[in-house]
Amino acid sequence: MSASRWRCVLFVAVLGGIASISEAQSGLAETPEESPSATASADSHAHEADRPKAELEEYLGQYLDAFNQGDAKAAAAFWADDAVWRSDMAGSATIGREAIETSLAEVFAAKPGLKLSTRIDRTHVITDGVVSLDGTTTTSSPGEDPMASAFTAVVKKADEGWRLCDVHEYAPPVAMAPRDKLQELAFLVGEWQDDNEAASVSTTVRWGAGESFLVRSYVVSGDDGEPVLQGTQVIGWDPRAEKFRSWSFDSEGGFGDGVWSRTGDEWIGRLTQTLPDGALASATQVIRQIDADTLEVATVGREVAGEPQPSAEPVRVSRVVAADEEKVAGGD
């Protein structure tokens, strides 16, 4: 298959990786090595970025120690004088360090042996010395089931160290099971076919075990009907990142992954692929459902080793209808 025709294969792969750009280019520019000074500068910035993270970890560890010892005064000392502590679950808002100390003392008196653990999921530097944290907490006391909550907190660095300024606690979102979330993509299950001047692509999408993943297999055939490329793709729901993800592998040894999101009636995938020669390829794929049996697939923003590649017109992909189904539809 010629180089130009081989490149076109990419555009006919439903929910595909970027497998077909593997025909890529010999003689691409190599990535230049970094100079020692550039490396030293990058290391310096990395150490600066790690510093507040390390300080916050130490600070939060000390706060947990004070809380788990049931020491309201010591725990309240980690809050700013004008701090705000809001709890959606309790329906309360406590303002000021003194009021927070009183509230903590009441909690410790009502629940002896109360313990707190925290997990930080996201950290965002708002400005120098001001950081927001998102995460979850779990409290447990003897004889009671643990209770989880989610929180957003703003901490600010003062002369005496980091201090909690604003904490908002709320019920953690109920995670949807992957099999339930994947129902959004159930329309893909079945057999699909698309043809263009370069090649013919046959695709089968089925449920994986437990319906927790979708498994897609495709075969790309040339003009003579012989397979020139085959591949497998696994599509799943990432509950931590709250995104659809895909992992693909092809018969040439290329492999890649992607992140998918939905906008109206379109699915947009941002895909990367490691080619058999080690080059990195990337593209954005847009899939639009025309009706129950027809899809339109477009691939844009293609690059191989940093070099832009040509785009092509969107491709129509049709569901394969079995002969007995066609008879029923025709009333024969």
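Tabulated data
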quantity: Percent of C-alpha pairs per 10 Å bin, the stretch 207-265, short to long; calculated: 20, 40, 29, 10, 1
quantity: Taking the convex hull of Cα positions in the stretch 93-196, its mean projected area over all directions (nm²); calculated: 12.8 nm²
quantity: Exposure ranking of W162, W85 by accessible area [1.4 Å probe, largest first]; calculated: W85, W162
quantity: Largest-first principal axis extents, alpha carbons of the stretch 181-316, Å; calculated: 36, 31, 29
quantity: Cross-link table K73/K156; K53/K111; K53/K181; K111/K157; K115/K181, entries beyond 27 Å C-alpha to C-alpha; calculated: K53/K111; K53/K181; K111/K157; K115/K181
quantity: Nearest-0.05 FRET efficiency for S251 and D134, computed from C-beta distance (R0 35 Å); calculated: 0.25
quantity: Two-site FRET efficiency, W207 against D121, from Cβ-Cβ distance with R₀ of 45 Å, rounded to 0.05; calculated: 0.90
quantity: Residue order for I100, I95 - accessible surface, 1.4 angstrom probe, largest first; calculated: I95, I100
quantity: Extension gain from A171 to A186, taking 0.36 nm per residue of separation minus the Cα-Cα distance; calculated: 2.4 nm
quantity: Three principal axis lengths of the stretch 276-317 [C-alpha, angstrom, descending]; calculated: 38, 19, 11
quantity: With DNA, RNA and ligands ignored, accessible area of L280 (1.4 Å probe; Å², nearest 10); calculated: 110 Å²
quantity: Accessible-area composition of the stretch 91-220, carbon plus sulfur, in percent [1.4 Å probe]; calculated: 54 percent
quantity: Ranking by accessible area, most exposed first, for H168, H124 with a 1.4 Å probe; calculated: H124, H168
quantity: Radius, Kirkwood style, for the stretch 141-218 when every pair of distinct Cα atoms is counted (Å); calculated: 18.0 Å
quantity: All-pairs Cα distance distribution in the stretch 92-149, expressed in whole percent, bin size 10 Å; calculated: 19, 35, 37, 9, 0
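The values are calculated or read from the model by the stated rules, or taken from the named source; none is laboratory data. A quick note: this is a predicted structure, and the numbers were derived from the prediction, not measured. Note that each Cβ is placed from the backbone with ideal geometry, even for glycine, and that neighbours are counted across all protein chains shown. When the accessible area is computed, the model is the full protein with side chains, heavy atoms only, and any ligands, DNA or RNA have been set aside. Shrake-Rupley method; radii C 1.70, N 1.55, O 1.52, S 1.80 Å.
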